[in-house]
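Any read-out appearing in this document is the output of simple, stated calculations on the displayed coordinates, not a laboratory observation. Please read these numbers as outputs of a predicted model, since none were measured by experiment.
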Amino acid sequence: MALETTILWVILGTLAAIVYALRILVLLERRIARMDENLVRITNRIISEERKIESMFKLKRKRKK
């Protein structure tokens, strides 16, 4: 009986560890997804600023001619 109980506790402990590890993985994946979204936003802002700067240079070139 004691051996069966020990085996049962080992199996339950292993399952609990797997569930905990999966929980941590899900949390990390969500964090990485948020970081990715932030990088996309920053990239879009940089692109829009670059377009503004390029349009300013185009206007300056047209005025010089």
(Q) Could you identify which residue out of L12, L25, L39 has the top mean-square fluctuation in a GNM of the chain using Cα springs shorter than 10 Å? (A) L12
Q. Using helices alone, what [θ] at 222 nm do you get for the chain, with -39,500 (n - 2.57) per DSSP H run of 4 or more residues, divided over all residues and rounded to the nearest 500?
A. -36500 deg cm²/dmol
**Q.** Calculated from backbone phi, Karplus (6.51, -1.76, 1.60) coupling profile of the stretch 10-21 in Hz, x at Gly/Pro
**A.** 5, 5, 5, x, 5, 5, 5, 5, 5, 4, 4, 5
